[in-house]
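Read-outs throughout are calculated quantities, based only on the coordinates presented, and are distinct from any laboratory measurement. All figures in this text were calculated on a predicted structure; none of them were measured in a lab. Counting neighbours? That spans all protein chains shown, and the Cβs are built from the backbone with ideal geometry, glycine included.
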């Protein structure tokens, strides 16, 4: 079994497999990307009125849809995160009875940004 740069087995095998399938980004697609490809697969089968392999759908999605999908997903994530930060800042400001300012924003980032990203990945295919 191959080992990656930090000595852990497995990631090299995934990367080698991805490269054989044309994914040269060096990263494993997220659960949300897999779901998007599967939705695209169903869409192409209906559109093209023939059987479409998952590989064909993945290649078509990467060439024609992935950039827009990633941009839209990023924008949604930022919009939701911004709303959460403002909500946190408002609550903090109310409790202090003054504008909590950028300190509240930085506090939210330190305390909640990582869990927000996990929540977003788990809940937004």
> Rounded to the nearest 0.05, what FRET efficiency is calculated for residue 55 and residue 121 with R0 set to 22 Å and r the Cβ-Cβ distance?
Replying inline: 0.35
>> Given Cα positions, please report Rg to Rh for the range 70-125, the hydrodynamic radius being the Kirkwood one.
In response: 1.05
>> On a full-extension model of 0.36 nm per residue, what is the gain between residue 107 and residue 67, subtracting their alpha-carbon distance, rounded to one decimal in nm?
In response: 11.2 nm
